[in-house]
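The values are calculated or read from the model by the stated rules, or taken from the named source; none is laboratory data. All values reported here derive from a predicted model rather than from experimental measurement. When we count neighbours, we look across all protein chains shown, and the Cβ atoms used for this are built from the backbone with ideal geometry, even at glycine.
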Ligand SMILES: Cc1cc2nc3c(=O)[nH]c(=O)nc-3n(C[C@H](O)[C@H](O)[C@H](O)COP(=O)(O)OP(=O)(O)OC[C@H]3O[C@@H](n4cnc5c(N)ncnc54)[C@H](O)[C@@H]3O)c2cc1C
């Protein structure tokens, strides 16, 4: 074993970490500490990495201290909000994690309908604060997910057709850049940065505060699930294709192909579930609409009725516990004709196990009306999104279920439109991270993102993400 000496990289790292330990109002967790095993883990149990240290920020000033340490030590930085990133970007082997999970205050201004959120808050924490005012910010469907990563990539869920993505409702963000500048970004200030933050992920800095516009919700929504057995999937998909033409924006449907766990009482069999949230006080109009679909394709089982927003938002939480193993793929498409339905039903019928899900989100509505170039988000035009996602527990299944997600994606690829949703992408990308980001955003948006990257993070300190590489513009 060699002894570290002045000037060698190890002693530089040690010095930087020692200085960081003294500067943090939060804590620095290292491999010898008791909390390390828990602190190093993220949602995706397949991502089993051992950071050199984890800095738990206790205040915004700790972000500056961590960035100083990164600049001094050369350690690779991972930024973590809720830790749900499927590609595992919230941690790093041998590097430094900035864990923002203790910064989770949420402040609601009911008059202005504005909600200010610290970067470690989860969707559940924002929902708990807004629901008291009959308000909600459009987020994803599993309430343990982090607001930060979800918003910077997109944010699709039960309110997307009614009110757009999470990032469409972002009014402003406070950002700490790679050089330690504190910037406010909005439609009026640092506008190009604000454009890039809305879809460009964590590429440009650490967001220390998000301010959202919240939407007024009725005291109860109409929520429900229509359940179909495999022999009825083709018919139900065809009916869904017709039903979603000209569908009112109050209706937010998501199809899931799933084997549900025992507590759902649906047997251990595969179901196609057409779930929906009807966001209006007029429940009868929603019921009438659902009835039209049920007449075309009668469900084998159904549950439809008034639901409180927070209950609907957390109804599936238990299916996706931390430590689940996941590899996810996403694409968008517009055709739901016979040929596509056959392909979809072909691979969906193979899933006879609990641990892989396939979702089809119907988009359009308020989401689709946002101009393509208004944000960095990759694609607005397609009618549907496909998401193939894993949440299995057994490491022995890694190879088989990862291969299944890739296969399903490849089978749908011929029908795909441009753009992929970065928050639903797995880590292993056959063409490499840079090509994958270019492919996800498309050439024009990628070029614009590169210019923002070169301005705010030319050294690529924020590289653990679907990376926009400085100097890779053309
Ligand atoms: C069970 C589950 C359900 C999901 N459901 C949905 C859904 O319904 N809809 C949807 O749209 N997505 C969904 N997702 C995907 C989710 O949007 C992404 O995984 C997202 O990255 C999670 O954000 P996070 O803060 O929890 O993740 P983290 O792993 O903490 O962060 C992800 C990345 O975001 C960046 N980042 C985080 N915080 C900051 C910050 N403060 N400043 C700058 N960059 C930052 C970093 O690059 C980081 O690596 C789901 C994921 C899981 C695992």
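(1) under 21 Å from the mean Cα position of the chain (by Cα); (2) at pLDDT 95 or above; (3) farther than 25 Å from residue 323 by Cα: which one isn't true of residue 387, the others all being true? All conditions are met except number (3). When the range 329-352 is filtered for residues that are farther than 20 Å from residue 368 by Cβ and at pLDDT below 95, only 329 remains.
Where helices (runs of 4 or more DSSP H) sit wholly within the range 131-218, those with at least 1 residues that are more than 12 Å from the ligand (Cβ to nearest atom) occupy 160-163, 191-197. Screening the candidates 406, 463 for the property of being touching a residue at least 24 places away in the same chain (Cβ under 8 Å), within 30 Å of residue 261 (Cβ to Cβ), outside any strand (DSSP E or B) and touching a strand residue (DSSP E or B) at 6+ places or on another chain (Cβ under 9 Å) yields one hit, 406.
Number of residues in the range 359-377 that are surrounded by fewer than 23 Cβ atoms within 10 Å (Cβ to Cβ) and either over 18 Å from residue 247 (Cβ atoms) or more than 17 Å from the chain's Cα centre (by Cα) (or both) equals 10.
One line per residue, one yes/no per condition, for (1) under 30 Å from residue 324 (Cβ atoms); (2) away from the ligand (no atom under 11 Å from the Cβ):
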site	(1), (2)
41	yes, yes
48	yes, yes
58	yes, yes
76	yes, yes
85	yes, no
100	yes, no
105	yes, yes
112	no, yes
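Inspect all residues belonging to the range 318-340 and state whether any of them is under 27 Å from residue 381 (Cβ atoms), in contact with a helix residue (DSSP H, G or I) (Cβ under 7 Å, 6 or more places away or on another chain) and assigned to a helix (DSSP H, G or I). Checked the range 318-340: at least one residue is under 27 Å from residue 381 (Cβ atoms), in contact with a helix residue (DSSP H, G or I) (Cβ under 7 Å, 6 or more places away or on another chain) and assigned to a helix (DSSP H, G or I).
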